[in-house]
Structures are given as structure tokens and as C-alpha cells.
Amino acid sequence: MKQAAVALIAGLLFGAGLAFSGMGDPARVQAFLDLFGHWDPTLAFVMGGAMIPMALAWLVQKRLARPFACESFDLPGTSLLDRQLVAGAVLFGAGWGIGGLCPGPAVADLAIAPASAGIFVAAMLAGMGLHRITTR
């Protein structure tokens, strides 16, 4: 129950941040990526602003024996930079640039613009399924 409450609060906070910052608007994201046109630096400020609480969270995490709502921390076990990671990053970036959405805002946009976000989410889920099938 505690995990569900923490997940709900985190999701609401994340969604509120997306709505407040305008990052659920694909046009704003695409304007950030349009370096030689009508560049909009808003996303850079959002990312920079997100780094501050994340840096604090890492500092706090190092001092905790265990997380608040779980038995143990589930941290990445490797920092290996391999072909799969690079290919995934390229695909993510291409999809983000073309669609103007990444997974979090896309799911949030299902409530606001279900037709356009639905196409992106369907393609995202198909890609996730294809990855699962091809990496077994």
C-alpha cells in the first residue's frame, strides 16, 4: 500500500510538472530541437531544473540504508556503453524529435489529445514488444 501511495504521488508530481512546463506539447519539444529555426530554450530550463532535485535525491539515497517504500534500492548494475544502448538512444532521440513526445508526456497526453498521442503510444508499445521478441 505504501508503494502504491508513493507511486501515485510521484506520478501526480511528474504529471503536474509536465503540464506546468508545457512539455506535454509536442510543438514545444520540436521547437527546442529546431536549433536553426525558431528555437525555444524552455526545455533546457526544464531539464536543468530537474537536475537539481535529482542531484539532491542521489545525495540523500547514499545516506539511506533502504528506501522509504521498498525493501531495497533497485539501482542499475552496470554503466556499460554498448551497441544496444547507443542504438536505443538513437531510436529514442529520433522518435522524440519526430513525434515531439517521449514516453511520460505521451501517456499523459492520452487524456488531452488521445488521437495523436494514441498513435505515438501504439508505436512505442509495438517497439517495446518488438524489442522483447528480438532479444530473447
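Values quoted throughout were computed directly from the atomic coordinates according to the rules given, and no laboratory measurement underlies them. Remember, it's a predicted structure, so these values are computed and weren't measured experimentally. Cβ sites come from the backbone with ideal geometry, for glycine too, and all protein chains shown count toward neighbours.
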**Q.** Under Karplus coefficients 6.51, -1.76 and 1.60, residue-wise ³J(HN,Hα) of the range 51-62 in Hz, glycine/proline x
**A.** 5, 5, x, 5, 4, 5, 4, 5, 5, 5, 4, 5
**Q.** the range 1-45 and the range 48-106: distance between their alpha carbon centers, rounded to Å
**A.** 15 Å
Q | Among Cys70, Ala126, Ala87 the positive-end extreme of the charge dipole of the chain (Cβ point charges) | A | Cys70
Q.
How large is the Kirkwood hydrodynamic radius of the range 1-74, counting all unique pairs of alpha carbons, in Å?
A. 14.6 Å
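When Trp39, Trp96, Trp58 are ordered from fewest to most other Cβ atoms inside 10 Å of their Cβ, what list results? Each step should come with its number before you reach the end.
Numbers: Trp39 12, Trp96 18, Trp58 9.
Taking fewest neighbouring Cβ atoms as first place, the list is Trp58, Trp39, Trp96.
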Q.
Using the basic label-point model (7 angstrom from Cα toward the beta carbon), what is the Arg63 to Phe20 distance in nanometres?
A. 2.4 nm
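Helix-only mean residue ellipticity at 222 nm, the chain, DSSP H runs n ≥ 4 weighted -39,500 (n - 2.57), per residue, nearest 500. What is it? Don't skip to the end; give the middle numbers.
Working: 6 runs with 95 residues, N = 136.
It lands at -23000 deg cm²/dmol.
Taking 0.36 nm per residue of sequence separation and subtracting the Cα-Cα distance, how much length would be gained by fully extending the chain between Ile9 and Ala126, in nm to one decimal?
Values: separation 117, 0.36 × 117 = 42.12 nm, distance 2.84 nm.
The Ile9-Ala126 span can extend by a further 39.3 nm.
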Q.
Sorting check: for 30-38, 118-126, 67-75, which peptide has the highest mean count of neighbouring beta carbons within 10 Å, and how do the rest follow?
A. 118-126, 30-38, 67-75
Q) Can you work out the base-10 log of I(q)/I(0) for the chain at q = 0.15 1/Å, using the Debye formula on its C-alpha atoms alone? A) -1.03
